[in-house]
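The values are calculated or read from the model by the stated rules, or taken from the named source; none is laboratory data. Remember, predicted model here, so these are calculated numbers, not experimental data. As a convention, Cβ positions derive from the backbone with ideal geometry for all residues, glycine included, and neighbour counts pool all protein chains shown. Surface areas here come from the heavy atoms of the whole protein model, side chains and all, with no ligands, DNA or RNA. Shrake-Rupley method; radii C 1.70, N 1.55, O 1.52, S 1.80 Å.
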Amino acid sequence: MQKNKLIVFGLAALALLVLPLGVQQLGNGPVRILDLALLYVLLALGLNIVVGYAGLLDLGYVAFYAVGAYMFALLSSPHLAENFEWFAAHFPEGLHSPLWVVIPLGAALAALAGVVLGSPTLKLRGDYLAIVTLGFGEIIRVFLNNMEYPVNVTNGPRGIGQIDPIHFWGLSLGEPLEVLGLTLPPVTLYYYLFLALVVGSVLVCVRLERSRIGR
């Protein structure tokens, strides 16, 4: 039985590794859909800890993702310099913060939002918790979509553009990469990054479930 599981996992891993290589022949659009699917898998894994493990029906979970994502966008784009004169005077090209700074700050802001929501709702259960978290998710969505006037912070429903590509160890995911004679476009490079994050998140979830706290 264990051998059969290893075979299935091996075949699944191989399929996931070669999937974008075949799909990219149809263009960047289908690969970008795979990228988004992996991002939603990451969200589902986090939601499974709250709903599946802890049994708390959280319907506003995606709001924390939105808060962290906007933090990432503001710190990695020229948006603030284009909309705030005092900011442009000190950072005329905008903030192009390194990844090791942006990710912790985005995670910290999302965690802070979780504390703000969690502190008054810790005693709620069932439908009451679902209603409160659903309302919080809608508040964040409407709030971010309307932070364009009178001060343009989020650029409204259009979102923030010109976000810097992820780069680390001298590798930029915004440029094509040649590997063994294959040209991997940026969308495919992001696919492999998100796939690695999904695998890492699954391992963390499994270890958490089997830990003393999980038991």
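Structure notes:
- Note on exposure: Lys123, Lys3 ranked by accessible area (1.4 Å probe, complete protein assembly) read Lys123, Lys3, with the most exposed listed first.
- Entry for the chain at q = 0.08, 0.09, 0.17 Å⁻¹: log10 I(q)/I(0) = -0.38, -0.48, -1.37, Debye formula applied to identical alpha-carbon scatterers, no solvent contribution.
- With R₀ fixed at 45 Å, the C-beta to C-beta distance from Thr183 to Ala89 puts the FRET efficiency at about 0.60.
- Å³ per residue enclosed by the Cα convex hull of the range 56-138: 99 Å³
- Unit charges at the beta carbon, dipole of the chain: most positive-side option, Ile166, Gly52, Leu193: Gly52
- GNM top mover of Val102, Val62, Val23 - the chain, alpha-carbon springs below 10 Å: Val23
- Extension gain from Leu203 to Ala111, taking 0.36 nm per residue of separation minus the Cα-Cα distance: 31.0 nm
- Residues Ile131, Ile160, Ile49, ordered by accessible area of protein heavy atoms at a 1.4 angstrom probe radius and largest first, appear as Ile131, Ile49, Ile160.
- Summing Cβ point charges (Lys, Arg +1; Asp, Glu -1) relative to the Cα centre of the chain gives a dipole of roughly 1160 debye.
- With R₀ fixed at 25 Å, the C-beta to C-beta distance from Phe9 to Phe168 puts the FRET efficiency at about 0.35.
- Accessible surface ranking for Leu42, Leu134, Leu122, 1.4 angstrom probe, highest first: Leu122, Leu134, Leu42.
- Normalised by the number of residues in the chain, the mean separation of alpha-carbon contacts (under 8 Å, six or more apart) gives a relative contact order of 26 percent.
- Each part gets one Cα centre, and for the range 34-71 versus the range 139-160 those centres are 21 Å apart.
- Scanning the chain for long hydrophobic helices, with DSSP H runs required to stretch 24 angstrom or more by C-alpha along their axis and to average at least 1.0 on the Kyte-Doolittle scale, returns 2-23, 28-47, 99-121, 126-145, 186-210.
- The solvent-accessible area of Ile33, taken with every protein chain present and a 1.4 Å probe, is close to 110 Å².
- Highest-MSF residue in the chain out of Leu74, Leu38, Leu112 [GNM, Cα springs under 10 Å]: Leu112
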